[in-house]
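Everything on this sheet refers to the single structure shown next.
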Amino acid sequence: MRHGKKVNHLGRTASHRKAMLANMASSLILHKRITTTLAKAKALRTYVEPIITKSKSDTTHSRRTVFAYLQDKEVVTILFREIAEKVANRPGGYTRIIKLNNRLGDNAEMALIELVDYNTVYGKDVEAKEEKKTTRRGRSKATAAPKAAEAKAEVAEETAPEVATEEAPATEAPKGE
């Protein structure tokens, strides 16, 4: 039984798993997003998020600790220069996992894992563009309701004076006789 055992071994030895996760973390830091299986993406998230948290404090000790995990000087430099600046105010949750279609060869569940702050698809710029979106249908209820109320008010104003003028001569005529 596997009570209380949180590590997904991914069918590998400890040394193979450690090397694979280090390589995947390096690729994620370099390319900002990678496509892999869902199980590997979930394992990578638990591996890379503490490393990104460690990169927030740029000290020699933290650089050496991160280098012990990643084993790549260029990746460590990118992590401490670029990524640490972007995630400085974020309290955690540096990665996002998006499920994709199953792989054709073996039907494995695939996923896209990406750094949240480097995604332009879900950014604030896109939300502003969505507000300007028009539809081919008629007006929405929110915009049609005020215009309909204005139209009814105009019709009521036009018909109200006409009714008053028609009634006034009718009431005056009997008084004049």
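Before moving on, here are some points about what is shown:
- The condition of being over 22 Å from the mean Cα position of the chain (by Cα) and not assigned by TED's automatic domain parsing to the domain that holds residue 83 holds for only one of 18, 6, that being 6.
- Of all the residues in segment 1-36, those that are of a type outside the set (A, V, I, L, M) and touching a Lys or Arg at 6+ places or on another chain (Cβ under 8 Å) number 2.
- Qualifying residue in segment 55-63 (condition: more than 24 Å from the chain's Cα centre (by Cα), under 17 Å from residue 114 (Cβ atoms), assigned by TED's automatic domain parsing to the domain that holds residue 117 and assigned to a helix (DSSP H, G or I)): no
- Residues of segment 104-121 that are closer than 30 Å to residue 84 by Cα and of a type in the set (D, E, K, R): 114, 117.
- Positions within segment 1-20 being of a type in the set (Ser, Thr, Tyr) and outside any loop (DSSP other than H, G, I, E, B), in sequence order: 15
- Annotation note: Cβ proximity below 6 Å between a residue of segment 81-103 that is in a strand (DSSP E or B) and a residue that is modelled with pLDDT under 95 and of a type in the set (Val, Ile, Thr) (sequence gap 6+ or interchain) occurs for 96/116.
- Pick from segment 60-74, criterion surrounded by 11 or more Cβ atoms within 10 Å (Cβ to Cβ) and β-branched (Val, Ile, Thr), ranking: farthest from residue 47 (Cα to Cα): 65
- Any hit, segment 78-87, residues being under 22 Å from residue 9 (Cβ atoms) and touching a Leu at 6+ places or on another chain (Cβ under 8 Å): no
- Inter-residue pairs, beta-carbon under 7 Å, first in the same structural domain as residue 76 (by TED's automatic domain parsing) and in segment 22-33, second aromatic (Phe, Trp, Tyr) and assigned to a helix (DSSP H, G or I), 6+ apart: 22/69; 25/47; 32/118
The values are calculated or read from the model by the stated rules, or taken from the named source; none is laboratory data. Computed from a predicted model, the values in this text were never measured in an experiment. We place every Cβ from the backbone using ideal geometry, glycine too, and count neighbours over all the protein chains shown.
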